[in-house]
Amino acid sequence: MFLGTHSPRLDEKGRIILPAKFREELASGLVLTRGQERCIYVFSEKEFARVHEQMREAPISSKQARDYIRVFLSGASDEVPDKQGRVTIPPALREYAGLGRELAVIGAGSRAEIWDAQAWTEYLAEKETAFSETDDPIPGIL
């Protein structure tokens with residue numbers, strides 16, 4: 001499970017050092033792809049296979065499903081971290097997420113997310129009030 005917030009930097013070669021807590025889960029390989037809200041989703045190979053299998057169950061007749069799958073999979077890149085735990089973020093994904101040098105890598109349970117640090121700060125500031133004021137039941141949360 002991916003948890004917490006980490007603040008790595010993007011180096012001049014477009015690489016990020018994965019948070020130490022995430023390295024074991026991602027050591028054998030990972031998949032980077034477009035996430036919602038202009039972040040990058042980071043899946044272990046095993047979790048990505050599970051997500052892909054769920055996508056395969058979507059009806060091909062659903063335009064919404066086809067559109068989502070196209071955007072999600074066409075941006076995907078499988079990577080293997082080097083011995084120092086670094087992974088290269090492809091230029092197209094860096095551009096999609098608007099990544100600068102300062103990043104926020106957050107744990108989101110079954111995946112991690114890579115955000116531009118400023119974008120994450122703004123997102124969190126916007127969502128924290130709604131989070132605090134939530135009184136409707138959230139599926140899966142008591």
In segment 85-142, which residue that is assigned to a loop (DSSP other than H, G, I, E, B) and modelled with pLDDT under 95 is nearest to Ser44 (Cα to Cα)?
-> Gly140
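Would you confirm, using the coordinates I've provided, whether Ile60 is out of contact with any Asp or Glu (no Cβ under 7 Å at 6 or more places or on another chain) and at pLDDT below 95? Outline the logic, then answer.
Working: out of contact with any Asp or Glu (no Cβ under 7 Å at 6 or more places or on another chain): yes; at pLDDT below 95: yes.
Taking the combined requirement at face value, the residue satisfies it.
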Filter segment 3-55 down to the residues that are of a type in the set (Asp, Glu), open to solvent by 70 Å² or more (accessible area, probe 1.4 Å) and out of contact with any Gly (no Cβ under 7 Å at 6 or more places or on another chain), then identify the one that is nearest to Arg101 (Cα to Cα).
-> Glu12
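Residue by residue, here is whether (1) among the aromatic types (Phe, Trp, Tyr); (2) surrounded by 10 or more Cβ atoms within 10 Å (Cβ to Cβ); (3) closer than 29 Å to Ser28 by Cβ; (4) in contact (Cβ under 8 Å) with a residue 40 or more places away in the chain holds:
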{"position": "Glu79", "(1), (2), (3), (4)": "no, yes, yes, yes"}
{"position": "Arg86", "(1), (2), (3), (4)": "no, yes, yes, yes"}
{"position": "Ala92", "(1), (2), (3), (4)": "no, yes, yes, no"}
{"position": "Leu99", "(1), (2), (3), (4)": "no, yes, yes, yes"}
{"position": "Ala108", "(1), (2), (3), (4)": "no, yes, yes, yes"}
{"position": "Glu113", "(1), (2), (3), (4)": "no, yes, yes, yes"}
{"position": "Ala119", "(1), (2), (3), (4)": "no, yes, no, yes"}
{"position": "Leu124", "(1), (2), (3), (4)": "no, yes, no, no"}
{"position": "Ser132", "(1), (2), (3), (4)": "no, no, no, no"}
Could you check Val71 against (1) in contact with a strand residue (DSSP E or B) (Cβ under 7 Å, 6 or more places away or on another chain); (2) surrounded by 15 or more Cβ atoms within 10 Å (Cβ to Cβ); (3) of a type outside the set (Gly, Ala, Ser) and say which number it fails?
-> (2)
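The values are calculated or read from the model by the stated rules, or taken from the named source; none is laboratory data. Only a predicted model underlies this, so the values are computations on that prediction, with no experimental measurement involved. Note that we place each Cβ from the backbone using ideal geometry, even for glycine, and neighbour counts take in every protein chain shown. These accessible areas exclude ligands, DNA and RNA; they are computed on the full protein's heavy atoms, side chains included. Shrake-Rupley method; radii C 1.70, N 1.55, O 1.52, S 1.80 Å.
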